[in-house]
Structure formats: C-alpha cells, structure tokens
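These notes concern the structure reproduced below.
The values are calculated or read from the model by the stated rules, or taken from the named source; none is laboratory data. Because the structure is a prediction, the values reported are computed rather than measured. All Cβ positions, even for glycine, are placed from backbone atoms using ideal geometry, and neighbour counts span all protein chains on display.
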Amino acid sequence: MENTLVNKPESRPEVVDHMLNTLEKYDAGNIQKFEEYVEQQCSKNVSDIAANLALLKLYQFNTNRINDEVIINVLSLALINFNSFDFSLALHLLPTYVLNESPIDPLSEQIQKLFKLYNHLDGKDFAGFWTEFYKDDNATEIVSDIENFLSLIRASISKTIECACKSLSYSVLSSWVHLDENSSALNDWIKRQSWTLNGTTVEIPVNEFNSAKPIITTETVKFEQLSRLLKKAFEME
Amino acid sequence: MDHESFNEYDDVNIPIESDESLAVGNVVYDEAQLARQQEDYQKQIQQAETTAVPEVVRQFLLYFQKCFNEGNAYELHGCYETSFQKLTEKFYKTSRWPHPISVVAPLVNNDETFVLFYTEVYYRHVYARFQPTLEERSLSYSNYCNLFNFILNSDNALNLEIPTNWVWDIIDEFIYQFNSFSLYRTKVLKKESHETEKAWLKDHDKVWDTYSVLNVLYSLCGKTKIYEQLRAQKNGQDSTEVAGEYGSRNLFKNFGYFCIIGLLRVHTILGDYHLALKTLEGVELNKRSPFARFPSAHFTTYYYVGFCYLMCRRYADAVKSFSHILLYIARTKNINRSVQFDMVNKRSDQMYALLAISVALSPTRLDDIVNTGLRERYGDQLSKLQRGGPESYPVFEELFLKSAPRFIFPYTIDFESTKLNSDATKHHLDIFMVEVKNTTFAFNLKSYLNLYSTMDLGKLAGFLEKDPEELRSALVALKVKNRQLVRKDGELLEGEYVNVSELDISLENDLIHIAEAKDNRKFADWFIRNTLKNYAVQEAIANPEKESDNVNKNKKRANKENKEVAAEKK
C-alpha cells in the first residue's frame, strides 16, 4: 500500500507535474494534456491519481469538455488501486447524478457498474468481484482501454493476500484470482508471486504484515514535558 | 493525545461586554437616550419613512467613517465589534440598515472606499437576519468583486486599516454567501415553477460563479505572497524578505491566511478533499499556527481538515483533529462567550457527531474531557454505530447529514436539462456509505476475536452463522482496513501506513492468528502533572495570603459567569 496522493509516479511528465503545482491546473487549455497523460497511463500500466483528479476538476468547470471515455478510464485505473481509496476520491468529483438509482445515460450506467465492482473489491470479496465482472460483457468493454487490466487487478488482489495471509488454500486462491485450479495459468501466477504450492496449500513468504503482531505502546517523554518541573526545581534552590 | 500542547490555550482571554450604554467617539449615549431614539425610529418606520436615519446612527456612521479613514484601529474595532451590534439590537432587528447607496453614500460625502466596506457589513446583516432577495444576493456579490478589486488593484489599499476580525468576517461571509447562493440556485432550478427566478438566474449565470470565487481567493494568496512566506518561515528564513509590499503588512498577511482557509472550505464543499488538504501545504497546524490566535479561524480550520480526513478514510487523523479542537473549545468555553457563542456551540455539536462516526469506524482512546462530551451528546448513537450491521446505517447517515458541510453542486449549471442538477450531499453520502458498510461488517467479529489467540475459521463462521468464504473476506478486509495512513509530522496529506487497531490478525489457511495490543498506561505524563499540582498545593500552603487573593478572584469570576448564565436563561 502506498500514499498515492503524495507519491509522484516516476513516469509523470515534467509538464504535468508543473501544472499540478501551479494554477495552470485550472486552465481549461490544459485539458488535452491531462487527457493524453491518462492515455499514457492506460498503456503503461501506471496510475497517477493526483493528476487524474486535477483533470476531473477541470471537467467540473468545463462541462462542455467532459469526455466520458476518459472518465471511465480514470475510474478503471483507480479501481486497480482499490486499497488506496483512489476510486472514491475520483467518484466524489463526478457529476452528482451518476449514482442516482436509475442511470439516465451511458456514462452513469458504466460508472455504476464500476461502482459495484469497487464495492466488492473494497469489501475484499474477490470471488464476488469476478462474478460481477463476468455477469455480462459490459465490464470487459468498460475496461478495454486499460492494457492488462485483468493481470493488474490480479496483482492488486495478490498484494492484499500477501498483506493478510501466511497461507491460503489452493481452491480459495483460484476463486480469488479467477484462474482455474490445476491450470498452468494459476501455477505460473503462483510462481510469479514467489509463492509455493504445497499440496493443497499455497504458502506465502513472511513479510512485515502477514503475521499477527501484538502492538506494544511505549511512552516517550519529551524534554519539553519536563520543562516546568525543571524550572520549578531551579526556583527551589 | 499530548496534553501539554493545550496548556497555552488556558490563557486565552476574551473580554466580556455587558454595558448597555453606547459610546460614539466622545459622545456617550445612555440607555434612556437610546430608548427615546428607538421609539422615534419605530414611529418613523410606521409612517413609512424608511430612509429616516436615527440621530445616533447618523453620528455613528460619520464616526465610523472617520475612524476608517484615519486608520484608528482601536476605535474602529469598537465601532465594528460593539457599536454596530448594539445599534442593530436597538434599531435594526427587523429592518435593514440604511441603504449604502441611497442613504449612506450622500451622508458620508460619497466616500467610495468607506461605502465599499460599509456595504459589505450591510449585506452581511441582511444575510444574518433576513432572507436576501435575488437582487440583494447579486448586489452583494458585485460589492465583493469591487471590494477585492480595490484590495488587489488600488494603490490606496496599502493604507487600509481594519480589525483582523473584520478581515476574517469578509472572507468567511464571502464563502458563506457563495455557498448559500449555489444551494439556492440548485433548489430553484429543480422546481417546476419559479419561472421568473429561473430566467433571472439564466441571465446572471456569472453571479457567484465558482471559478471567480476561486480566482479571488488565489489572487489574494498571490498578492500577499502567503505561500512564499510560509515556506520561508518553515525553512527558518525571514518571511518579510519574500513578503513584498503587501504581504509584509499584518493586515494583508491575515488576508492571505484566511484565504487559505477559504480555499480549504471551497474545495471541501466541491468534494475535492485531496486538493482541500493540499491547500494547507506549509501551514503549521498546532498551537503555534497563525490561525490559533483567531478562534473562528481556528475551529473552522480543524472542522474542515477533520472532515477531509474522514472522507479520505484517515480516521486516526480525523479523530485527532476533532479532539484537538473540541478540547480547545471545552477549555475556553467559559471565557469564550462572545457573539459567536451559538456558532461555536453548533459547530462543536457537528464535530462531536463527526467524531462519533470516526471513532466508530476506527476505535480510538479519547481524551477524558472529549470522551465525556461525546457520550453526553451522542452516547446512544455511538453505541448503535459501534454495533455495526444494517441497523447502524441510518444512524451513520443521520449523523453525516447533520454535520457535513453544505455541499454544492460542482458543475456549471445546465439550464436546459435538469440531469446535472442532482443532490450533491446524497452523492457524497452514497460513496461514503460503501466504506461504512464494508467496515462495519467486521464489527461483531471483534468481540469474538478478542477472546482467542488462534481460532478456526470454520468454527467462527459457525458461531456467527455466516458463510465461511464471506467471513474470510471480512477478515481480510478487517486486516487491510486497520492499516491506515496516519500523519506523523509534515504536510497534511503525508503519512505512514500504521495498524490503528488494538487487534491484529493473520490467516494461515483456515487458522486465524490473533494478537491483541497490550494497553500500557502512560505513567510519566500522569506523574508530571501531579507533581506540578503538588507544587501548586505546597505553594498555596506556604503563602496562604496570596492564595486567598486568588480565591477571591476566582469567586468574582464565578459570580460573573453565574450572572451571565442567569441572564441567558432569561
């Protein structure tokens, strides 16, 4: 997990970084630059939520420039980072009608589909995510601009597993990453994560998160806290 | 929380005024005189002489203008803070102050700059006491435009001298009116009728435009070089070197500070929590913060920062912001009985509600005073929230709706279709509820997990009557959601992922490992405080005379407070 709002992706172009740190981020003339950057992110498999939020903000002020496709791509990219709340931050900036109960345009239909998917991922209901994903052809269509979307989602799911589990049954993993049991795809996937398959159990190497650690709080006394005592002691001389 | 950091607030002292007479320059009007003029004025109003100005008000306006132009800060403060309020109580409780253009301008010899600032106060009074008309909303807006234009572009602005409170009120009101107008517009456009209003709004689509509001705030930040100053201060340099002609004057520096808070607010009501927190880059948020000197600025900042943290799912940081400021309010409530008392009370009630949400989503040990305050106000709701499950959802929603800022519709209004005109608050709430549902799902797990150090997943599923796979997901969610970004030092958006819960788990296939935090009491802090108390007692025993002085003083103060309370009850 990382602080996606602060960490600057290495691949962020200088010109985008400059816009983000100046008032140029409000200049409607820069919408195209931000949009091109989203395109880049889709093909390079990186997500730069800070830049994408700036773009959504520009759409707020320039309704006539809204590009549905770009919004969907921004959300799909954010979906991949489901552990860092990028998705909900982006959603907060969208037109407020998009989540209304009965979707009134293709944009809100697609967003609501993504929102459902996010709901499963946020609840770590990974099996539910795949069921929802393959329920119809819509989802595949929605994320089609993101190269390797499926393996990116799988990678994020695997990271979550690494954070919480020391080991996991083979069949559960199969349903969580949606790769068939005993398929070479699943076995390759396990190898690529540097996990090991031991009978029906997939073992995950120990890392800093996946063991339950009791938290021991220790009290630190700052020197300033003693200042009044020391002053008093000095006065008593 | 670190108690030491609040000691400084104990010294905050705000004088209390209870005198009924009124001084306008050297002339003092006693109560009887005021009452006579009040009666006359009532009569005149009944006779429809609406342009009539009572003598005392006329004198006041002239004196107000004189102080304004002389830059007499002390007297101006009196005019603005005290006399204006008193005259409002006497004469303008149910009617508007004398009109700036038709009445006041001729009276003050068409002193444009004074009229500009008087108009600001005039409309603020209208907004506070009445339902402003569309025309008034628009005129107030254009007055703000002129006022900011004057500050940003006129050479005379450098000689401007107004009380800091007024500076705060200008920015505060500017954003309030913007917010209020946006909500009003959304409301009108939703309705089937109201054709005249709709037509008016369509013709005046630039009035209270979000872009121009942001523009004003950013321009003032730029003019006062406030960010440059903050950066220099942070690097230990002399901020006056980068401040420029405007920024080095205290008045404009304050304008700059307050505009930063203004930006924080505007971004928050637009739903941009990321940019809202980023706006405070370089601002130190602690007792040394430049805002700490102005109570309203102080708690406004913490309210919005806390709310943004809550929406960014950083509950530990949200709890910290709310408790910090609620403790401050609790400690100063006896001396802070100013005009804004009601406002403070309302805000702190909202913050307790938000605190209840944050604490429910991420259990935290609170400071005793804050904890008591929370239980007093929201004890019932809090226990419902903490139980989680579908029964808690309406309570989460209720508290959210009650205490969230008044969100506005962010997009440029589309007059042809109503589709873009949807309820902003509901939108933000819907998104937030996903998080609530996915987090509270695990609440009833905790009471079981607390009892064991290892447990079989199937067995726990049996206890809970849940599907084992659903439970497995809930456990992973619990583990992952317990790791939150928590700010150490540094900018508001920075932070490290930390396990904020007292519970840590890991899954070994179907076996759940559970570790619980051992809660070590903090002894050192306790000892330091009590040693100091002990010294104080010893000193009191050694110098009984001095102590009796203090007791008398305290008694006096207590009496005064009691009187006030009694007066308020009346």
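Brief remarks follow.
- Count of the stretch A:137-167 residues which are away from every other protein chain (no Cβ under 14 Å) and of a type in the set (A, V, I, L, M, F, W, C): 9
- Looking only at residues in the stretch A:129-154 that are in contact (Cβ under 8 Å) with a residue 40 or more places away in the chain and among the aliphatic types (A, V, I, L, M), the one that is nearest to A:Leu107 (Cα to Cα) is A:Ile142.
- For the stretch B:477-502, residues that are at pLDDT below 85, facing another protein chain (nearest Cβ under 7 Å) and at positive phi total 0.
- Scanning the stretch B:487-514 for residues that are touching a residue at least 60 places away in the same chain (Cβ under 8 Å) and surrounded by fewer than 18 Cβ atoms within 10 Å (Cβ to Cβ), we see that the one that is nearest to A:Leu197 (Cα to Cα) is B:Val498.
- The set of residues in the stretch B:451-476 being within 13 Å of chain A (Cβ to nearest Cβ), in a loop (DSSP other than H, G, I, E, B) and not hydroxyl-bearing (Ser, Thr, Tyr) consists of B:Lys466, B:Asp467.
- Residues within the stretch A:216-237 that are among the hydroxyl-bearing types (Ser, Thr, Tyr), surrounded by 11 or more Cβ atoms within 10 Å (Cβ to Cβ) and more than 7 Å from every other protein chain (Cβ to nearest Cβ), tallied: 1
- The helices (runs of 4 or more DSSP H) falling completely within the stretch B:1-119 that include 3 or more residues that are within 20 Å of B:Ile162 (Cβ to Cβ), hydrophobic (A, V, I, L, M, F, W, C) and at pLDDT 85 or above map to B:55-70.
- In summary, helices (runs of 4 or more DSSP H) completely within the stretch B:216-315 and bearing 1 or more residues that are under 27 Å from B:Asp423 (Cα atoms) occur at B:250-269, B:273-279, B:295-311.
- The set of residues from the stretch A:193-215 being of a type outside the set (Gly, Ala, Ser), assigned to a loop (DSSP other than H, G, I, E, B), out of contact with any helix residue (DSSP H, G or I) (no Cβ under 7 Å at 6 or more places or on another chain) and more than 8 Å from chain B (Cβ to nearest Cβ) comprises A:Trp195, A:Pro205, A:Val206, A:Glu208.
- The stretch A:48-82 - residue that is free of Cβ contacts under 8 Å to residues at least 60 places away in the same chain and among the charged types (D, E, K, R) and, of those, nearest to the other protein chains (Cβ to nearest Cβ): A:Lys57
- Of all residues making up the stretch B:177-225, the number that are more than 24 Å from B:Thr279 (Cβ to Cβ) and under 23 Å from the mean Cα position of the chain (by Cα): 1
- Annotation: of all residues in the stretch A:183-192 being in a helix (DSSP H, G or I) and of a type in the set (Gly, Ala, Ser), the one that is nearest to the other protein chains (Cβ to nearest Cβ) is A:Ala185.
- Put simply, of B:Arg347, B:Arg313, B:Arg387, B:Arg377 the only residue that is at positive phi and touching a residue at least 24 places away in the same chain (Cβ under 8 Å) is B:Arg313.
- Condition met for B:Asn179 (more than 22 Å from B:Ser422 (Cβ to Cβ) and assigned to a helix (DSSP H, G or I)): no
- For the stretch B:430-445, a residue qualifies if it is buried (at least 18 other Cβ atoms within 10 Å of the Cβ) and either outside any helix (DSSP H, G or I) or more than 10 Å from chain A (Cβ to nearest Cβ) (or both), and the qualifying residues are B:Val436, B:Thr440, B:Phe441, B:Ala442, B:Phe443, B:Leu445.
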